[in-house]
Amino acid sequence: MTSRIRRWVETDTGHRVPNHKSKCRHMHGHRYRWEAELDGDVVTQRGVSDEGMLMDFSDISDILNKHIHDIVDHAFIVYEGDHEAIGALSMMNDEHRTLVVPFIPTAENLAKWAYEQVRPHIESSYGNKLRLHAFHVRETPKSWATWSTES
Ligand SMILES: [Zn+2]
């Protein structure tokens with residue numbers, strides 16, 4: 001038996017899907033929700049700060065802010081092979097926040113990217129089998145993608 005918890009952060013982020021058959025090839029943005037899902041055992045050590053938890057929600061929030069929010073909020077995510085968009089973004093000054101990635105920035109690929117951003121930072125000193133189980137990315141209220149390393 002394991003417990004699972006989720007915590008999310010939101011960002012305003014631009015992207016485009018360069019080969020898309022319709023409007024997704026235009027430069028546009030979303031209010032993305034980046035949601036980490038952890039599993040493991042509840043900490044049973046008496047008297048510790050995390051007793052009764054998998055991991056403190058505020059600690060997860062700090063990780064999401066540092067490794068997701070502060071990188072992609074008010075930023076444009078662009079595929080390294082999208083030469084038209086790279087060219088347009090290169091005309092912006094150095095303060096423009098651009099994230100170049102080696103994949104087309106669909107929700108599916110961003111869920112995998114976010115998982116890999118966050119996973120190394122999910123750790124516990126309580127031996128409670130804490131893991132990042134999955135990462136969910138909401139692109140629109142009707143559209144979610146999930147990356148998980150297991151079924
Ligand atoms: Zn989009």
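Computed from the coordinates by the stated procedures, all read-outs in this text should not be read as laboratory data. Model, not experiment: these values are computed from the prediction. For neighbour counting, all protein chains shown are included, and Cβ atoms are generated from backbone atoms with ideal geometry for every residue, glycine included.
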Check segment 66-76 and report whether any residue there is among the hydrophobic types (A, V, I, L, M, F, W, C), within 16 Å of the ligand (Cβ to nearest atom), buried (at least 16 other Cβ atoms within 10 Å of the Cβ) and more than 23 Å from Ser148 (Cβ to Cβ).
yes
Within segment 78-114, track down each residue that is touching a residue at least 60 places away in the same chain (Cβ under 8 Å) and buried (at least 16 other Cβ atoms within 10 Å of the Cβ).
Val78, Tyr79, Asp82, Ala85, Ile104, Pro105, Thr106, Leu110, Ala114
Tally time: how many residues in segment 15-60 are assigned to a loop (DSSP other than H, G, I, E, B), surrounded by fewer than 17 Cβ atoms within 10 Å (Cβ to Cβ), within 16 Å of the ligand (Cβ to nearest atom) and among the basic types (Lys, Arg)?
1
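Quick one: in segment 103-141, of everything that is of a type in the set (S, T, N, Q) and part of a helix (DSSP H, G or I), which residue is nearest to the ligand (Cβ to nearest atom)? Don't jump to the end; show me each part of the working.
Taking segment 103-141 and keeping what is of a type in the set (S, T, N, Q), we get 106, 109, 117, 124-125, 128, 140.
Filter once more, so that each one left must be part of a helix (DSSP H, G or I): 109, 117.
On the way: Asn109: 12, Gln117: 19 Å.
It comes out as Asn109.
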Surrounded by 19 or more Cβ atoms within 10 Å (Cβ to Cβ) and closer than 21 Å to Lys21 by Cα, is that true of Leu132?
no
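How many residues does segment 66-100 contain that are among the acidic types (Asp, Glu), assigned to a helix (DSSP H, G or I) and closer than 22 Å to Ala114 by Cβ?
Of the residues in segment 66-100, the ones among the acidic types (Asp, Glu) are 70, 73, 80, 82, 84, 94-95.
Applying the additional criterion that residues be assigned to a helix (DSSP H, G or I) yields 70, 84.
Subsequent filtering for residues that are closer than 22 Å to Ala114 by Cβ retains 70.
So the answer is 1.
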